[in-house]
Amino acid sequence: MVISVSLQEESYNIYIERGALARAGELLHLARRVLVVTDSGVPAAYAAAVAGACELAQICTLPAGESSKSFESYQLLLRAMLRLGMTRGDCVAAVGGGIAGDLAGFAAATYMRGVDFYNIPTTLLSQVDSSIGGKTVIDPDTLRTLPPRQISAGLAESVKMALTSDADLLDRIERSADLTAGLPEIIARSLTIKKNVVEQDPHEHGLRRVLNFGHTVGHAIESSAGGRLLHGECVALGMLPMCAPALRPRLIRVLRKCGLPTEIETTREALLPYLRHDKKGQGAAVTAVEVDEPGSFRFTTMMPEEILHRLEGVLL
């Protein structure tokens, strides 16, 4: 499947195909110098497959973990690009999850005022959530090496998009007899939702905020948890208080089916500082996303204390 993201001069394609990793040389322009960025948590064979399709490549493997998102890692990539002799006609390819994708994308955007960037996401979370932003190759077969918890974390983002924008997708996830077998369709449907939002709001003037459903509370939980919970798990929890009470029992069933948490031990005091510093804040208030019925949403401006009140009896 090919999903075309139409952004005028910045348009690009996303390729979704089992076995696509082995066809990277056909799908991407790799007949040049390429810095292949991955991390130690990704099977080395994935980066090697991409490097093998390049004219001249260097693989840069970062340590797995959020701590690699650092200025030191960014400098490491830039030095590697210089040693490889890369010019503005060369490119960077990320092979892995959000760590590799975020760092490689930033390095590509800033090296010599910008070089081409390709994304080959290998986690479900990165395939459904962070693969919009440049030419991308998605191979669902790479998910076979992921632990079940990581698959569940990625499904949280698909449930998020289904709740706000695609009631039929939520039905399919809820009724699926085999979520693993259905992942290619779930990935494609999720990306189509995000693509439509990005095309309508490429510069984040309003509509794109819908992609933050579940993230207002989720980011606060993630920050206060200190690494104990995965991002997708926190988003799952963050959706519950922002759904209408009548919808929550159904959402709880779906989350549990996906292997996601529906309860957490935390306190108001632990969450409030992070809610007050939410990146979507406007002054003291926060623009939150609420869902009353699957496939629809609305924006609400709320104070952090109001959001905490929503959590009472739901998560607290």
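Data table
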{"quantity": "Among the candidates Gly226, Gly259, Gly214, residue that is on the phi > 0 side of the Ramachandran plot and either acidic (Asp, Glu) or more than 19 Å from the chain's Cα centre (by Cα) (or both)", "calculated": "Gly226"}
{"quantity": "Evaluation of Ile173 against (1) in contact (Cβ under 8 Å) with a residue 12 or more places away in the chain; (2) assigned to a helix (DSSP H, G or I); (3) surrounded by fewer than 17 Cβ atoms within 10 Å (Cβ to Cβ) (one fails), failing number", "calculated": "(3)"}
{"quantity": "Test: residue in region 147-165 that is over 25 Å from Tyr74 (Cβ atoms) and of a type in the set (Asp, Glu)", "calculated": "yes"}
{"quantity": "Filtered residues of region 276-299 (kept if surrounded by 15 or more Cβ atoms within 10 Å (Cβ to Cβ) and among the hydroxyl-bearing types (Ser, Thr, Tyr))", "calculated": "Thr287"}
{"quantity": "Residue that is farthest from the chain's Cα centre (by Cα), among those in region 127-168 that are of a type in the set (Ser, Thr, Tyr) and within 17 Å of Cys258 (Cα to Cα)", "calculated": "Ser152"}
{"quantity": "Condition met for Leu275 (farther than 30 Å from Asn13 by Cβ and modelled with pLDDT of 90 or more)", "calculated": "yes"}
{"quantity": "Residue within region 268-275 that is closer than 25 Å to Pro148 by Cα and either open to solvent by 10 Å² or more (accessible area, probe 1.4 Å) or of a type in the set (Lys, Arg) (or both) present", "calculated": "no"}
{"quantity": "Strands (runs of 3 or more DSSP E) enclosed by region 29-133 - at least 3 residues per element that are open to solvent by less than 30 Å² (accessible area, probe 1.4 Å) and basic (Lys, Arg)", "calculated": "none"}
{"quantity": "Any hit, region 214-230, residues being open to solvent by 50 Å² or more (accessible area, probe 1.4 Å), in contact (Cβ under 8 Å) with a residue 12 or more places away in the chain and either within 25 Å of Leu179 (Cβ to Cβ) or charged (D, E, K, R) (or both)", "calculated": "yes"}
{"quantity": "Flag for Pro140 being open to solvent by 20 Å² or more (accessible area, probe 1.4 Å) and touching a Lys or Arg at 6+ places or on another chain (Cβ under 9 Å)", "calculated": "no"}
{"quantity": "Positions within region 254-265 being buried (at least 16 other Cβ atoms within 10 Å of the Cβ) and assigned to a loop (DSSP other than H, G, I, E, B), in sequence order", "calculated": "Cys258, Gly259, Leu260, Pro261, Thr262, Ile264"}
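The values are calculated or read from the model by the stated rules, or taken from the named source; none is laboratory data. The structure displayed is predicted, hence computed values, not measured ones. All Cβ positions, even for glycine, are placed from backbone atoms using ideal geometry, and neighbour counts span all protein chains on display. With ligands, DNA and RNA removed, areas are computed over all heavy atoms of the protein, side chains included. Shrake-Rupley method; radii C 1.70, N 1.55, O 1.52, S 1.80 Å.
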